[in-house]
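Let me begin by presenting the structure, written as structure tokens, before commenting on it.
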Amino acid sequence: MIVTLEVNGEPCAAEVAGFESLLWVLRERLGLTGAKDACLQGECGSCSVLLDGEVVCACLVLAADAEGARVTTVEGLAGGSEGELHLVQQAFVDAGAVQCGFCTPGLIVAAAHLLETRPGAGDAEVREALSGNLCRCTGYGAILRAVARAQSQATQGGAP
Amino acid sequence: MHIERPEGLDEALAALAADPHATLLAGGTDLMVEVNLTHRRPASVVALRRVPELREWDERMIGAGVSWARMESGPVTGLAQLARTVGSPQIRAVGTLGGNLGTASPAGDALPWLAALDAEVVLASDRGRRRLAWDEFLLGPKRTARQPGELIVGVQLPEALPPHQAFAKVGVRQAMVIATVNCCVVRDADGATRVALGAVGPTVRRARRAEALVSGTVRPSAAVLDRFEALVREEIAPIDDHRASAAYRRHAAGVLARRTLERCWS
């Protein structure tokens, strides 16, 4: 069947077979490999995308049920023609919050959503918001520093 | 696979009447795990996320399609406490109360709260509606009284919600964890107390002798609390599995029940 979606602001139609997940369609049909294919059971968060404005695990969305949905992947966060990174992406670079990088797209999507919906989130709220995204390299310290940096830039327009 | 995406309750019930054995899809957080990992391949799916009636929530009835995220930020203490412990933000954004009932895991986190409230499950088909008490609906691990062609519409709550409600859960970490034991205690204004525990038997169960011991208007003494813990441990039937031993569950159930009871007095 054909499923029509809005992905990163662009309308698109994808051929979908029976049980394919939104993650599979994004990666294999639309060539958007930012969201990662890892646990396939909603445990790791590496496939996190925005679906109609909510952070979800794309591996747990039946593509056929996403008909008409608005999807934002990590590829859709970076701005404009000059290839400028999203505030959160730049903060991850600056804080050295990336090691192997596999969890990074999911964390960036979750952190960008947090910044957008609850810009003043405190430390406990940030940890809670990122609790569905596993990282096996960093120990999370640098990731939390990156989010704090992005928050500070978003609210004060300057680095901490 | 055939999929129906009804946009209203009548349309959903018609789709189910035409295909009574269709698999129901709400948030997908259980079904898609089976699709991805055990290669479950239902012949047909009725997807429910576009049905607005299932997302309704008023004083006496919570729609089956209400998400954990809404329960977490909602006005009902016990429900908010338990919703916060489910999965991760990604899971809570889409997972639903009806899904927790439909899946009927012995560890389902909403189930002890529903049992402690003596809530009823409202089922609908194109032939009408019926209401089942929680223990008529939950029959065993992943087994419910839902018949082919029926849909869980929501849960019917008692007229007055208990002013004191507490939920607690033990698992190997704080986020993304299935309960090793979960427990809900509620206390009415007149002192009537109800205690329900999950993951300690084939379905959620009430510790009725323990309830009788602590119901009333006198704050339980330390000696009564000791006896309460012991009764809770007698009234459950935990098993050994890959998450915990029966002995650990029995111990944890007593501790959690005592703790949640004490919260209902503070």
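Worth pointing out:
- Minimum 10 Å² accessible area buried by the other protein chains, region B:56-95 residues, probe 1.4 Å, relative to alone: B:84, B:88, B:89, B:90, B:91, B:92, B:93, B:94
- Charged side chains reduced to their Cβ positions (Lys and Arg at +1, Asp and Glu at -1) give the protein assembly as shown a dipole of some 1580 debye around its Cα centre.
- Surface per residue (accessible, 1.4 Å probe) for region B:164-263, Å²: 44
- For residue B:154, nonlocal amide neighbours, meaning residues 5 or more places apart or on other chains whose placed amide H falls under 5 Å from its own, are B:64, B:122.
- Alpha carbon Rg of chain B, scaled by the compact-globule rule 2.2 N^0.38 Å: 1.01
- Under the criterion of Cα pairs below 8 Å and six or more residues apart, the relative contact order for region A:87-156 equals 53 percent.
- Tilt relative to chain A, helix A:141-156 - C-alpha long axis, 0 to 90 degrees, to 10: 80
- Rolling a 1.4 Å probe over the heavy atoms of the protein chains gives region A:24-160 an accessible area of 43 Å² per residue.
- Distance in nm between pseudo-label sites at residue B:43 and residue A:118 (7 Å out along the Cβ direction from Cα): 4.5
- Relative contact order computed over chain B (Cα-Cα under 8 Å; 6+ residues apart), in percent: 16
- Among A:23, B:254, B:17 - extreme Cα towards positive end, dipole of the protein assembly as shown, charges at beta-carbon: B:254
- Chains A and B together bury roughly 2400 Å² of accessible area, counting both sides, with a 1.4 Å probe on protein heavy atoms only.
- Summed over qualifying helices (DSSP H, 4 residues or more, each -39500 (n - 2.57)) and divided by its residue number, chain A shows a 222 nm mean residue ellipticity of -9000 deg cm²/dmol.
- Relative contact order, whole percent, for region B:124-206 stands at 21, derived from Cα pairs under 8 Å and 6 or more residues apart.
- Distant-in-sequence amide contacts of residue B:177, defined by a placed amide H-H separation under 5 Å and a gap of 5 or more residues or a different chain, comprise B:87.
- Cα centroid separation - region A:69-139 against region B:146-165, whole Å: 38
- Surface share of carbon and sulfur [accessible, 1.4 angstrom probe, percent] for the protein assembly as shown: 50
The values are calculated or read from the model by the stated rules, or taken from the named source; none is laboratory data. A quick note: this is a predicted structure, and the numbers were derived from the prediction, not measured. All Cβ positions, glycine included, derive from the backbone under ideal geometry; neighbour counts span all protein chains shown. Each accessible area value is taken on the protein alone, full model and side chains, heavy atoms only, with ligands, DNA and RNA left out. Shrake-Rupley method; radii C 1.70, N 1.55, O 1.52, S 1.80 Å.
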